[in-house]
Amino acid sequence: MGMTLAQKILKNHLVCGEMIPGQEIGIRIDQTLTQDATGTMAYLEFEAMGVPRVKTERSVAYIDHNTLQNGFENADDHRFIGSVCKKHGIYFSRPGNGICHQVHLERFGIPGKTLIGSDSHTPTGGGIGMIAIGAGGMDVAVAMGGGTYYITCPKIVKVNLTGKLSPWVAAKDVILEVLRRLSVKGGVGKIIEYCGEGVKTLSVPERATITNMGAELGATTSIFPSDEITHQFLKAQGREEDYTPLSADADAIYDEVVEINLSELVPLAACPHSPDNVKSVEEIGAMKIDQVCIGSCTNSSLLDMLKVAHILKGKTVHPDVSLSIAPGSKQVLNMLAENGALAILIDAGARILESACGPCIGMGQSPNSKGISLRTFNRNFEGRSGTKDGQIYLVSPELAAASALTGVLTDPRTLGDMPEFKLPEFFTINDNMIVPPVAEEDMDSVEVLRGPNIKPFPVSEPMADEITAKCSLKVGDNITTDHIMPAGAKILPLRSNIPKISEYCFAVCDEKFHDRALELKKSIIVGGSNYGQGSSREHAALAPLYLGVKAVIVKSFARIHMANLINAGIIPMTFQDEADYDRIDQMDELSMTDVIAQIQKGDTVTVTNVTKGFDFTVKVDLSDRQKDMLIAGGLLNYTKNNA
């Protein structure tokens with residue numbers, strides 16, 4: 001029986017476990033990446049492990065999230081990260097060099113390699129044939145130290161692409177169609193593998209757009225084959241030696257198959273407030289808009305920008321619309337300047353932003369109150385834009401540019417004939433904004449620079465055998481990490497200061513949570529389905545840890561957040577009978593005895609609702625290694641104990 005592409009790469013990197021879906025496996029990691037919103041904590045964790053130099057083939061730290069220098073905090077964090085990189089063997093991509101996933105695709109991604117990154121959109125690397133997985137910062141720190149990365153062996157879903165995209169229908173429409181069919185929970189425990197004749201019609205940047213937003217499916221990752229299209233891209237980047245042809249075997253067996261005829265797709269949009277709330281432009285109609293934002297790690301490639309420039313050439317942005325454009329990397333920005341496309345964008349009235357995440361994470365360009373904003377981004381969770389009642393629609397660059405000119409949601413197929421857009425034969429290569437580390441023999445001469453905003457990693461204690469605590473918060477379904485630990489220009493600079501950032505924990509849901517949790521000293525959170533979806537930010541686990549949260553009981557978890565809770569030493573539990581969720585109220589007292597023994601013995605724990613006088617059962621479905629981690633008090637304690 002043949003193997004899928006994902007299975008081949010996983011097997012080639014297998015350290016422990018069996019390749020049986022649902023069982024835990026450990027894999028060797030070739031590359032890591034961090035960004036500055038998660039990187040400071042990841043490097044504090046790496047330092048705490050006492051490993052002098054990274055042991056991966058390539059580790060890169062990117063500065064792309066906290067680029068707004070409003071106060072000393074962000075600048076201090078960047079200085080800290082840069083000095084850690086120089087000392088410990090990590091490449092440092094300076095502010096202005098671009099968004100981590102775009103730059104990594106251009107300069108470092110290698111087909112067949114494994115990559116984990118402390119950012120949920122790390123699967124972008126799947127567009128070049130990598131197994132690229134989003135993870136918590138602590139997992140990345142362990143991998144940098146040479147440790148194994150553990151995942152539940154995923155099922156493999158084949159998305160068979162046939163046909164070819166019609167003019168002005170985009171790669172963004174492909175992934176929106178997948179989200180429309182599968183939902184934000186449809187990829188949990190799965191790898192999405194793209195196959196079929198339609199794959200050959202998609203460039204590497206288009207493939208990367210699709211794998212990037214695979215994160216919104218809840219998937220472990222997504223992947224395309226490495227073929228002649230990949231070869232051409234790497235050759236154009238001056239990295240032909242990194243090319244390896246990779247594909248699934250002809251007789252590979254998949255767990256599920258999804259058929260998509262690219263020729264049948266139409267322009268789509270994800271409506272507020274979820275990436276899977278997808279409708280066609282025709283269904284939505286000519287809706288008046290206030291803002292258009294083009295960029296993010298999903299849609300900021302040179303190809304995207306050239307299409308936008310073509311649409312805007314010789315025209316002017318509608319007077320009622322604010323248009324901002326953020327090229328994804330310095331390479332993209334340089335080439336736009338060289339070929340005249342940048343002048344076209346400026347001429348049309350676009351506001352050119354630096355090559356960074358910017359508006360996607362609420363770092364500027366928040367829409368007006370109740371404003372309708374079309375964005376080429378990957379998430380439209382309520383409040384993520386920085387405007388609580390902002391109405392955010394996720395669309396392709398083609399649709400966004402066409403609508404910016406008319407002032408209403410506009411089908412780009414009305415633009416007329418579409419020219420053929422080709423990637424250049426050679427990209428402009430200038431890596432002068434990537435700082436290599438010093439040689440190992442010189443590392444002792446490098447001083448790590450710490451600012452006053454950098455606080456120690458919060459201490460996690462070994463698991464108690466008895467937990468009696470009140471339910472400090474009860475929330476519903478699809479709670480995102482943006483709900484748990486919001487981003488934005490006000491909060492992101494506090495990522496290296498857990499005591500301070502915890503003041504905003506769950507503020508979107510309940511502004512009194514922080515004070516209530518501190519007063520209780522220890523507590524339990526109760527939630528619904530798909531708890532912790534969205535960003536990989538481990539601060540959504542570290543802030544609750546600091547506030548005394550001992551366990552989280554929900555109907556179901558998103559993969560990365562559940563892993564982050566375990567890493568932090570917080571017990572992730574799911575209701576055996578989901579009806580018990582309705583029987584618990586906020587501030588009910590919940591009690592568990594013989595917790596360690598129950599977890600070691602099996603996968604269920606009995607919980608008593610002391611307030612209401614009934615028992616219920618929760619599942620603690622963990623591997624033996626995860627159980628040992630929780631009992632030790634989290635990954636950092638476990639790693640030290642087993643060093």
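The values are calculated or read from the model by the stated rules, or taken from the named source; none is laboratory data. Predicted, not measured: the structure shown is a model, and the values here were computed from it. Counting neighbours? That spans all protein chains shown, and the Cβs are built from the backbone with ideal geometry, glycine included.
Of all residues in segment 614-642, those satisfying the criterion of being touching a residue at least 40 places away in the same chain (Cβ under 8 Å) and more than 21 Å from H561 (Cβ to Cβ) are F616, T617, K640. The listed residues are D444, D411, and the only one of them that is without any contact (Cβ under 8 Å) to a residue 12 or more places away in the chain and either surrounded by 15 or more Cβ atoms within 10 Å (Cβ to Cβ) or not assigned by TED's automatic domain parsing to the domain that holds K164 (or both) turns out to be D444. Are any residues in segment 128-156 aliphatic (A, V, I, L, M) and either part of a loop (DSSP other than H, G, I, E, B) or not assigned by TED's automatic domain parsing to the domain that holds P21 (or both), and if so, which ones? Selection gives M130, A135.
Look at P452 and say whether it is touching a residue at least 60 places away in the same chain (Cβ under 8 Å) and outside the structural domain of D64 (by TED's automatic domain parsing). So P452 passes the test. The set of residues from segment 9-47 being touching a Leu at 6+ places or on another chain (Cβ under 8 Å) and farther than 24 Å from D119 by Cα comprises just one member, M19.
Within segment 99-114, one or more residues are of a type in the set (K, R) and either within 20 Å of the chain's Cα centre (by Cα) or crowded, with 24+ Cβ neighbours inside 10 Å (or both). Keeping to segment 555-589, report how many residues are of a type outside the set (A, V, I, L, M, F, W, C), more than 19 Å from Y638 (Cβ to Cβ) and in a loop (DSSP other than H, G, I, E, B). Going through segment 555-589 one residue at a time, the tally reaches 7.
Taking the listed residues T428, T410, the one that is hydroxyl-bearing (S, T, Y) and either under 25 Å from the mean Cα position of the chain (by Cα) or closer than 29 Å to N97 by Cα (or both) is T428, with no other qualifying. Of all residues in segment 116-138, those satisfying the criterion of being in contact with a strand residue (DSSP E or B) (Cβ under 6 Å, 6 or more places away or on another chain) and not small (G, A, S) are I116, D119, T122, P123, M130, I131, I133. Residues in segment 477-520 that are touching a Cys at 6+ places or on another chain (Cβ under 9 Å) and surrounded by fewer than 22 Cβ atoms within 10 Å (Cβ to Cβ): H514 alone. Filtering L520, L473, L494 for residues that are within 28 Å of the chain's Cα centre (by Cα) and more than 24 Å from I361 (Cα to Cα) leaves a single hit, L473. Hey, any hits in segment 391-399 for a residue that's acidic (D, E), more than 20 Å from T480 (Cα to Cα) and in a helix (DSSP H, G or I)? Yes: one or more hits. Within the option set S166, S183, S247, being within 27 Å of I560 (Cβ to Cβ), at pLDDT 95 or above and not charged (D, E, K, R) holds for one residue only, S183. Out of segment 141-155, which residues are of a type outside the set (V, I, T), over 18 Å from the mean Cα position of the chain (by Cα) and closer than 21 Å to L44 by Cα? M144, G145, G146, G147 - these are the residues of segment 141-155 that are of a type outside the set (V, I, T), over 18 Å from the mean Cα position of the chain (by Cα) and closer than 21 Å to L44 by Cα.
When segment 191-209 is limited to residues that are out of contact with any Ser or Thr (no Cβ under 7 Å at 6 or more places or on another chain) and under 22 Å from F427 (Cα atoms), the one that is surrounded by the most Cβ atoms within 10 Å (Cβ to Cβ) turns out to be R207.
The residues listed here are G238, G186, G198; of these, the one that is in a helix (DSSP H, G or I) and among the small types (G, A, S) is G198.
Rundown of residues vs (1) in contact with a Lys or Arg (Cβ under 8 Å, 6 or more places away or on another chain); (2) surrounded by fewer than 17 Cβ atoms within 10 Å (Cβ to Cβ); (3) not assigned by TED's automatic domain parsing to the domain that holds L234, yes/no style:
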| position | (1), (2), (3) |
| --- | --- |
| L10 | no, no, no |
| E18 | no, yes, no |
| I27 | no, no, no |
| V60 | no, no, no |
| N66 | yes, no, no |
| Q69 | no, yes, no |
| C85 | no, no, no |
| Y91 | yes, no, no |
| P95 | no, no, no |
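Scanning segment 521-540 for residues that are surrounded by fewer than 23 Cβ atoms within 10 Å (Cβ to Cβ) and under 29 Å from P123 (Cα atoms) yields G528, S529, N530. Among the conditions (1) closer than 13 Å to K522 by Cα; (2) in contact with a Leu (Cβ under 8 Å, 6 or more places away or on another chain); (3) touching a residue at least 40 places away in the same chain (Cβ under 8 Å), V552 misses just one, which is (3). Annotation: of all residues in segment 222-235 being of a type in the set (D, E, K, R) and assigned to a helix (DSSP H, G or I), the one that is nearest to N160 (Cα to Cα) is E228. Of the helices (runs of 4 or more DSSP H) lying entirely inside segment 1-102, those containing at least 3 residues that are more than 28 Å from Y194 (Cβ to Cβ) and touching a residue at least 24 places away in the same chain (Cβ under 8 Å) are 36-49, 73-88.
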